[in-house]
Each structure stands twice: as structure tokens, then as C-alpha cells.
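Colleague: Just dropping this structure here.
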């Protein structure tokens, strides 16, 4: 998927899904979408999401895109005694807690999604519905 384009329509569909869930949960979040290189393609701050969430959501999208895995999964190897312990210190754009997910088309990573503003569980709940919108809009059943 060398030429995958994150259209405005696709990103708006994802944002609509994120907005619905964050409102149901009563939490304000930031949503970031990056391309496969981790470059920001779309950003939206819902409600009064805390200011640090702006940067954190972008870093979650970056991490998921460039590593092709969720930030939660990546975090497992970055913990104390993990084989990549301290990597997030060496490379400060990497996030090692949940809320970031790779965006895949036909099994290939084309970008990343980062949700931040609530607890990790809230961020991941918003992300799951946002991922569903991405896959539905791209004609897939799953990543």
C-alpha cells in the first residue's frame, strides 16, 4: 500500500466514531492519525482534552505506525527486564502504554492511530470504535 491516502472523508468518519464513544464515556480525548512513516495526517482535540494529550496522541500514532504494533504490545518489551528496556528514553517519540494502534490495509501497515486524554482503558475503548470505522470505510473486516 505504498500510495495509501488518508482522505478527509476517511479521517472524518474515524473522528465521528471517536467522538461518539468519548461522549458516551464522558471523557475528552485527542485523536491523531499518522501515515506509515509516523507523519501526522489528521488531528482533532475533542472537548477540553488535557493539553499533554495533544502530544501524546501524536506520539502514540507515530509509535504504532513505525513499529506496526499497538503501543500496549510494544510496551511489554520496553518494561524493566524487557529486551527493549529504556528504548522510550533513547527515542522520546515512542510510547509504551496503550492507546496507539497500527492502521493496516490488506495486512500492511499504512499508518497509526493515537488516542489520548482518558485512562488507558478509555483511550483503548475509543480507539477500538475508531478502528472499526477505519476498517469499515476501507472495506475490510479487520486489520
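Colleague: Exactly one of these conditions fails for residue 65: (1) touching a helix residue (DSSP H, G or I) at 6+ places or on another chain (Cβ under 9 Å); (2) crowded, with 19+ Cβ neighbours inside 10 Å; (3) more than 20 Å from residue 16 (Cβ to Cβ). Give me its number.
Modeller: (1)
Colleague: Please work out if residue 73 is in contact with a helix residue (DSSP H, G or I) (Cβ under 6 Å, 6 or more places away or on another chain), free of Cβ contacts under 8 Å to residues at least 40 places away in the same chain and outside any strand (DSSP E or B).
Modeller: Taking the combined requirement at face value, the residue does not satisfy it.
The rows are residues; the columns are (1) within 23 Å of residue 125 (Cβ to Cβ); (2) crowded, with 19+ Cβ neighbours inside 10 Å; (3) over 11 Å from the mean Cα position of the chain (by Cα).
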| site | (1), (2), (3) |
| --- | --- |
| 26 | yes, no, yes |
| 32 | yes, yes, no |
| 49 | yes, yes, yes |
| 80 | no, no, yes |
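Colleague: Another question about this same structure. Scanning for something in a loop (DSSP other than H, G, I, E, B), modelled with pLDDT of 95 or more and either touching a helix residue (DSSP H, G or I) at 6+ places or on another chain (Cβ under 8 Å) or surrounded by fewer than 17 Cβ atoms within 10 Å (Cβ to Cβ) (or both), does the stretch 123-141 turn up at least one residue?
Modeller: no
Colleague: With respect to residue 98, is the statement that it is in contact (Cβ under 8 Å) with a residue 24 or more places away in the chain, closer than 18 Å to residue 76 by Cα and either under 12 Å from the mean Cα position of the chain (by Cα) or assigned to a helix (DSSP H, G or I) (or both) true?
Modeller: The answer is yes for residue 98.
Matching residues to (1) out of contact with any helix residue (DSSP H, G or I) (no Cβ under 8 Å at 6 or more places or on another chain); (2) in a helix (DSSP H, G or I); (3) over 26 Å from residue 25 (Cα atoms):
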{"position": "58", "(1), (2), (3)": "yes, yes, no"}
{"position": "61", "(1), (2), (3)": "yes, yes, no"}
{"position": "80", "(1), (2), (3)": "yes, no, yes"}
{"position": "84", "(1), (2), (3)": "no, no, yes"}
{"position": "93", "(1), (2), (3)": "no, no, yes"}
{"position": "102", "(1), (2), (3)": "no, no, no"}
{"position": "114", "(1), (2), (3)": "no, no, no"}
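Colleague: Identify, please: which residue in the stretch 39-56 is touching a residue at least 24 places away in the same chain (Cβ under 8 Å) and part of a loop (DSSP other than H, G, I, E, B) and is, among those, nearest to residue 129 (Cα to Cα)?
Modeller: For the stretch 39-56, the residue satisfying everything is 46.
Colleague: Confirm whether residue 60 is within 15 Å of the chain's Cα centre (by Cα), buried (at least 19 other Cβ atoms within 10 Å of the Cβ) and either within 20 Å of residue 132 (Cβ to Cβ) or touching a residue at least 12 places away in the same chain (Cβ under 8 Å) (or both).
Modeller: yes
Colleague: Still on this structure, please answer the following. Being more than 12 Å from residue 115 (Cα to Cα), loosely packed, with under 15 Cβ neighbours inside 10 Å and touching a residue at least 12 places away in the same chain (Cβ under 8 Å) narrows it down to one residue among 20, 36; which is it?
Modeller: After applying the criteria, what remains is 20.
The values are calculated or read from the model by the stated rules, or taken from the named source; none is laboratory data. Values in this document were obtained by computation on a predicted structure and should not be read as measured data. Because the Cβ atoms are built from the backbone with ideal geometry, glycine has one as well, and the counts that use them run over all protein chains shown.
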